[in-house]
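The values are calculated or read from the model by the stated rules, or taken from the named source; none is laboratory data. Please read all numbers here as calculations on a predicted model, not as lab measurements. With ideal geometry, Cβ positions are generated from the backbone for all residues, glycine too; neighbour counts draw on all protein chains shown. These area figures cover heavy atoms from the full protein model, side chains too; ligands, DNA and RNA do not enter into them. Shrake-Rupley method; radii C 1.70, N 1.55, O 1.52, S 1.80 Å.
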Amino acid sequence: MNKPSIYGLTLDQLAAWLAEHGHKKSRALQVWDGLYRKRVTEFSAMPDVKPECEALLGEHFAIQTLEEHTKQESADGTIKFLFRLQDGNLIETVLMRHKFGLSVCVTTQVGCNIGCSFCASGLLSKSRDLTSGEIVEQVMKVQLHLDQMNKDERVSHIVVMGIGEPFDNFEHMSSFIRVIRDHKGLAIGPRHITVSTSGLAPKIREFADSDLGTNLAISLHAPNNEIRTRIMKINRAYPIEPLMEAIDYYLEKSNRRITLEYILLKDVNDQPEHALELAELVGSRRNLANVNLIPYNPVDEHSQYQRSSQETITAFYDTLKKQNISCSVRLEHGTDIDAACGQLRSKQIQSERGRNAKTSHAVNQ
């Protein structure tokens, strides 16, 4: 039977668990320091923790539940990790290098049910949510990789934009954030954490009411319901009107800037009239909103979509700027590897299925 990840516990939860099992709550700080500062990979390697406590933790929890399956490294320093979970499922995690620091993009679900028609993540339906421990361990695996390089580098930023819809796994996503932002552990500040959602309006309101305090990004990708419903099934449940109302609620509660993500698809949503319509949609929110234009990474299975030309991207950007809309074009990472989210995982699963089918065919001959 697989043991749950110790990374799934917040410091308070760890202290409470130890107290229930006959240990002082203060012991939790020693364990926490071993996990996140000394970054041990075995309970027996915690120098300040008594052997009986180490043994107890080892009976109930695991430190390592993810196994590195594949790793792709880009010329620009981006590294895409493919991890195998204890149940055999595969997930992606990405390390990206920026001028402001090292950012890790984490996955929150095995597969995705949102069904965006341009996205590689949705090629395989969701089979389950990840636990908070499995999400935290993605960050720890990347940090351990950096430690092994002996360059004194640390993960400084987190984006929750990998495979899956974070707000469809709200409880575990929230616990993950509380763990990584704890100042006694990884100490990644909430302003350095960005959570992206496809637009689950009720959860945006719940997020606004929470104490998480992180940045929020909305995958908008269209200026009207007709286009958005065509490319994003989620718009049938939460059309643009209730979505924008939820965004207004978030802006009023947090007074924090929000990012509106907009993937540019050739001849679908990238024309000047679309830019003008988008500017009108942003409207009075322009002081607290930034539109992040995203050049599309083509996916073989979604051949109906192509990447907008550089001229089109520039024209779209210029149109928004002329309408006094704050906007930027996302800096691309890992373009020489499987850059699209979920692309490496999808290819690997299809490859394994192909090998299994050949083996089965050979056995049956």
What is the sum of charges around Val31, taking Lys and Arg as +1, Asp and Glu as -1, for the other residues whose C-beta is under 15 Å from the C-beta of Val31? -1
Rounded to the nearest 500, what is the 222 nm mean residue ellipticity of the chain from helices alone, with -39500 (n - 2.57) per DSSP H run of 4+ residues and division by all residues? -12000 deg cm²/dmol
Would you mind calculating the gained length between Asp248 and Gln13 on full extension (0.36 nm times residue separation, minus the Cα-Cα distance), in nm to one decimal? 81.2 nm
Quickly work out the Leu331-to-Glu52 label distance, labels modelled 7 Å from Cα along the C-beta direction, and quote it in nm with one decimal. 5.3 nm
On the protein heavy atoms, probe 1.4 angstrom, tell me the percent of accessible surface of the chain carried by carbon and sulfur. 48 percent
Shape descriptor, the stretch 30-76: equivalent ellipsoid semi-axes (Cα gyration tensor, sqrt 5λ, whole Å, largest first) stand at 28, 13, 6
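Please give the net charge around Ser219, taking every other residue with its beta carbon less than 11 angstrom from that of Ser219, where Lys and Arg add +1 and Asp and Glu add -1.
-1
Rolling a 1.4 Å sphere over the protein heavy atoms, what is the accessible area per residue of the stretch 54-192, to the nearest Å²? Display every interim value, and only then the final one.
On the way: 5250 Å² over 139 residues.
Per-residue value: 38 Å².
R0 = 41 Å: FRET efficiency of Leu276 with Lys99, Cβ-based, nearest 0.05?
Calculated transfer efficiency: 0.80.
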Report, to the nearest 10°, how far helix 343-364 tilts away from the longest principal axis of the Cα atoms in the chain, using its own Cα long axis and a range of 0 to 90°. 70 degrees
Regarding the chain, what's the average projected area of the Cα-atom convex hull, expressed in nm²? 20.7 nm²
Antiparallel %, DSSP beta bridges [both residues in the chain], to 5: 45 percent
So, how do all the Cα-to-Cα distances of the stretch 89-205 break down into 5 Å bins, in percent, from 0 on up? 2, 11, 22, 25, 19, 13, 6, 2, 0
Any chance you could list the semi-axes, whole Å, largest first, of the equivalent ellipsoid that the Cα gyration tensor gives for the stretch 182-330, using √(5λ)? 26, 17, 17
Please list the equivalent ellipsoid semi-axes of the stretch 140-221, computed as the square roots of five times the alpha-carbon gyration tensor eigenvalues, in descending order and whole angstrom. 26, 14, 10
Cα→Cβ-extended label distance, 7 Å offset, between Gln86 and Gln310, nm: 4.9 nm
For labels at Glu171 and Glu301 in the simple 7 Å Cα→Cβ model, what's the distance in nm? 2.9 nm
Farthest toward positive dipole pole in the chain [+1 Lys/Arg, -1 Asp/Glu at C-beta], among Gly88, Thr41, Phe316: Thr41
